[in-house]
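Below you'll find the structure, written out as structure tokens, and then a few comments.
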Protein chains: 2
Amino acid sequence: MSKTIEMQKKVLSENDRLAADLRRALQDKGIFSMNFVSSPGSGKTSLLERTLQQLRDTWRIALIAGDVQTENDAQRLIAAGGQQVKPLVTGGSCHLDARMIERVIPEIDLDETDMLIVENVGNLVCPAGYDLGEDMKVVLISVTEGDDKPLKYPAMFRRSSVMVINKIDILEWCDFDLETVKKNALQINGDLTIFEVSCRTGEGLDKWYDWLGQQVRKKKAALNPS
Amino acid sequence: MSKTIEMQKKVLSENDRLAADLRRALQDKGIFSMNFVSSPGSGKTSLLERTLQQLRDTWRIALIAGDVQTENDAQRLIAAGGQQVKPLVTGGSCHLDARMIERVIPEIDLDETDMLIVENVGNLVCPAGYDLGEDMKVVLISVTEGDDKPLKYPAMFRRSSVMVINKIDILEWCDFDLETVKKNALQINGDLTIFEVSCRTGEGLDKWYDWLGQQVRKKKAALNPS
């Protein structure tokens, strides 16, 4: 098995090199970039639909929609008004890697992009290990999944900068405690920025939109210091 | 990358060999065995808690509870009356493999076991590729996850014999259509046996318990034909 581990290390360091190149390219254009990760069905696509509907006239948002199979998510994002939406079907792979992103990037006009969002494969384990060159990982968790998830899948919560707790509209029908999940998540990663939202009712989304705007403006300010 | 693929093939064929040994060992004892797979938070542990509470006085059930981190699930199953519950913490790995099961099996008294249940890591992708020597995979999906999941993660539904649709008590608050998910799943795998349950209210669980009993009896009958 040690040969496999060596091989994995080699693949990962190759991935890190490619991710660093991607990060530099996005940085040079002043593009704010996020890698959305979660279990299947936590609501990544729903949050992106809402975000597009709200912000598409304010910021130029490009999306890469990863899936093991089907282009369903990409189609939903186009229907929500996405101008630059690229499907990325892995055909079986359990995560996106930097090589896959590098191949899709030429299809995106980076000069016409303020924010790049990659929607990863629904998987709370494997995508944690792959840097895609993003500014930050955003992990979603829905209130139907159990409030001990950060403790059971710590790598993902440790490597994310933001945790979005989704589906708070059905909180009362779930055995899920908001304070417990936040305590568990902060125990793994004390630097997490946390949002509580419902993509169905819209509750809590204003704070998320405001925060996104701040990130885009910060990025542009760093590029063109006055 | 081709070296990595070769190495993966070697690891998988080694896994298949170990799984075949395990299958034979369980077969020889007339033990019915299942490998429970799903996204994080679909309710694998909840279904097993219910199953233990209902059937622990009828059948001797042994459980192996896999998790990336924590022994939370194993502790819940012991609290639910599990006599033989073994935690299996992968320490980062995104799936269980046959080698891990082989290491835990000596801790279980197979002569005192009618049914062996392995609760896999919460991951709808990677565990599909690893035979653990089980009679069948049981895939759970909860009504909060979206009814297109079988199309987006086809390998898992193709390799499972049973699909349990959980959390039907909150169906009316979710954008999830039961007929659509069943149609999508049967399109991937026409042989799926399907149950619709709520582990919270108990709805639909009687059929599940009955079916489990039938499988155990069939297994014993095959061992001792009259």
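What follows draws every value from the coordinates through simple rules; no lab data is involved. These numbers come from a predicted model, not from an experiment. In this analysis, Cβ positions are derived from the backbone assuming ideal geometry, glycine residues included, and neighbour counts consider all displayed protein chains.
Observations on the structure shown:
- Here the protein assembly as shown is treated as a Stokes sphere of Kirkwood radius computed over C-alpha pairs; at 25 °C and 0.890 mPa s its diffusion coefficient rounds to 107 µm²/s.
- The C-alpha radius of gyration of chain B, expressed as a fraction of 2.2 N^0.38 Å, stands at 0.99.
- Cα centroid separation - segment B:154-225 against segment A:19-62, whole Å: 36
- Projected-area average for segment A:99-176 over all orientations - Cα convex hull basis, square nanometres: 6.4
- Listed values for segment B:152-158 are Karplus-derived 3J(HN,Hα) couplings in whole Hz (6.51 cos²θ - 1.76 cosθ + 1.60, θ = phi - 60°), namely 7, 10, x, 4, 5, 6, 5, and x replaces Gly and Pro.
- Taking the convex hull of the alpha carbon positions in segment B:128-226 and averaging its projected area over all directions gives 7.2 nm².
- Flagged links, alpha-carbon separation over 27 Å, of A:K149/A:K219; B:K44/B:K219; A:K137/A:K220; A:K44/A:K149: A:K149/A:K219
- Counting only the Cα atoms, segment A:43-150 fills a convex hull of 112 Å³ per residue.
- Per-copy distances of the A:T58 label point, shortest first, in nm (7 angstrom along Cα→Cβ): 5.7
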